[in-house]
Every structure is written in C-alpha cells, then in structure tokens.
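S.K.: Mind looking over this structure? Questions follow.
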Amino acid sequence: MAVKPTKAEKKIAYDAKLCQLLEEYTQILVVAADNVGSNQLQNIRKGLRGDSVVLMGKNTMMKRSVRIHAENTGNQVFLNLIPLLVGNVGLIFTKGDLKEVSEEVAKYKVGAPARVGLVAPIDVVVPPGNTGLDPSQTSFFQVLNIPTKINKGTVEIITPVELIKKGEKVGSSEAALLAKLGIRPFSYGLVVLSVYDNGSVFSPEVLDLTEDDLIEKFAAGVSMMTSLSLAISYPTLAAAPHMFINAYKNVLSVAVATEYTFPQAEKTKEYLKDPSKFAVAIAAAPAADSGAAPAAAAKEEEKKEEPAEESDDDMGFSLFD
C-alpha cells in the first residue's frame, strides 16, 4: 500500500514544481478560476498540453514559492507576480504565442444554471415566445411581473423581459423560472486577468492589438508631439517641415506687402498683379496631363510602323559570296 505524503512533503513538492516552472518559462497568464469545475479544468489542461502548463494552488503557497525563488536566483522580476495573486486565481506557464493560448483558454467555457445567491456576471433577458408551460405555472410570471398570455393551452411571454441585471444576486423566483424554461444564462471558464512576459506585466487587452492599431497610436503620438513643438516653438524632426512652411509663409507675406522680393515669391507676386495668369496656369495643367498620354501612344505606334532593316540573308545573297 502506497504511503500518502504528508502536508509538509506536499508543500515541498509544490514549491519545487513552481520554482522549476518559473525557471523554465518566461511567459505566464494569470487567470481567474471562479466557478470552474475539476472536469472543466482537466479539459483545459488537455487542450493546452504540449507548450503550456496549468498550475493551481493556494495564493499563500504561490507567493511564498515566488519569493523563495526570487531570493535564490537573485532575479527580483519574479516579485512582479505577487500583487497579481489575489482571489481564486491560477497560473498558465507557456512557451507558445500568448494570444493563441489566451484564445484557446477562452474556448473551454461551459453553460451554467442561475443558482440562488449567485452574483450575475451578465444581464439575463428572457426572450418572448411560447414557454411550453401549462397555465397553472403563471404564478411564477406574475411574481416577476412578466406579461404573458395563454396561447393554445400554454403560457406565452409577450415581450422580452430583463430578469436579472449584471451585478445583482439571483433570487429564488428568478432561479426557479429559468430552470423551468431550461435557460442556462451563465457561462464559466478561465478568464485571463494579467499577462507576465519576462518581468513585464500588462493587461490582456494588449494581446488584441494589431499592427494597424499600433500604427494608429504611433501616428497619434507623433501628431501630439508635433502640435506641442509648434506651440512652444521647439524644433523637432516631426515639427521641422511645418516650421519651414510657416516661415516661408511669413517671408512671402512680407514680400507681398513690400517691394522686397526673392525668386520663390516672384511668381506669386505676378499672380497677384494679374490674376488672369493664375487662371491660365490652372487651365494649362490638366491639358498638359491629358496630352501627355496620347503623345506617348503616338510614339509607340511610330516605332511599330518603322520597317525593320533588311539583312544580307533576307536580300538573297551574301557579301562574302
């Protein structure tokens, strides 16, 4: 008969396992495990098997093991995990892509009935339609102020009803009604709360960012820096083109208002003296663009029509005959 390990031996084994995982893996997902059953957790472990390991345990034991490992290795970045170990949480150590692992974890959600006293994670709305219940069951609907009618010997809900709001506790009447209707409104699974990557801790929403999102945020940052640079007249690489253009506009304004001139301002001053030249220049630009294409096509046609030079062989004799 196998001897069961003592509590002290279990703690030592758990500590050794967690320290080994911390040494082997650099990426960790901190997940909430509220209302997750043992069978569901086993299925998640099977789905992640290969490049990921799921480790559950008491928060005090995990914090203790993390502190010991940080002291033994001298790597203080592991201590960033300790503030995350709050509530019913677990750790998923992975070597795979964090986004793919997070999506894989989200697949293992199962429906659950509304139990009395449970805090609703979402709004629960009862849809309209035939319930299949006989007219003697109308008392449930009357208690909850749900409008109904009798249709073909069964109770029918007339309009959609918001039965439970998010954050409210499920009452006995609501739980009984949802059970009679066969509605399992809630779904539970491991929920990613935080991401640990080589000592850095960030929100799981970061995993959903695409390259387009990053480019958009970078462009917004450059725009803000440019605006600030222009406002305080501090030259930066982003603001330099705008500063040069603004300076040119200022000098051009002085040249237009006075007799002073420079080469880049002469054409503008000509247009101001004779606006008809500006109209002619605008009309000439589209015409030049439209004429360029036919001219190029004509040159191609001329090249095709030019006769090929005849060789000696084509003339029927050779100069060396």
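S.K.: For the stretch 19-26, does any single residue satisfy the condition of being outside any helix (DSSP H, G or I) and more than 30 Å from residue 118 (Cα to Cα)? Break it down into steps so the answer makes sense when it comes.
M.R.: The initial filter retains those residues of the stretch 19-26 that are outside any helix (DSSP H, G or I), namely 25-26.
Okay, now just the ones that are also more than 30 Å from residue 118 (Cα to Cα), so 25-26.
Yes, that holds for at least one residue.
S.K.: On the basis of being in a loop (DSSP other than H, G, I, E, B), open to solvent by less than 30 Å² (accessible area, probe 1.4 Å), among the aliphatic types (A, V, I, L, M) and not assigned by the TED database to the domain that holds residue 32, does residue 238 make the cut?
M.R.: So residue 238 passes the test.
S.K.: Something else: Go through the stretch 1-18 and give me each residue that's of a type outside the set (Asp, Glu) and either open to solvent by 90 Å² or more (accessible area, probe 1.4 Å) or in a loop (DSSP other than H, G, I, E, B) (or both).
M.R.: 1, 2, 3, 4, 5, 6, 7, 10, 11, 12, 17
S.K.: Within the stretch 213-226, how many residues turn out to be over 23 Å from the mean Cα position of the chain (by Cα) and either open to solvent by less than 70 Å² (accessible area, probe 1.4 Å) or among the basic types (Lys, Arg) (or both)?
M.R.: 1
S.K.: Output the residues belonging to the stretch 88-138 that are over 24 Å from residue 154 (Cα atoms) and among the charged types (D, E, K, R).
M.R.: Those that are over 24 Å from residue 154 (Cα atoms) and among the charged types (D, E, K, R): 95, 97, 99, 100, 103, 104, 107, 109, 115, 123.
The values are calculated or read from the model by the stated rules, or taken from the named source; none is laboratory data. The structure displayed is predicted, hence computed values, not measured ones. Heads up: the accessible areas ignore ligands, DNA and RNA and are worked out on the full protein's heavy atoms, side chains in. Shrake-Rupley method; radii C 1.70, N 1.55, O 1.52, S 1.80 Å.
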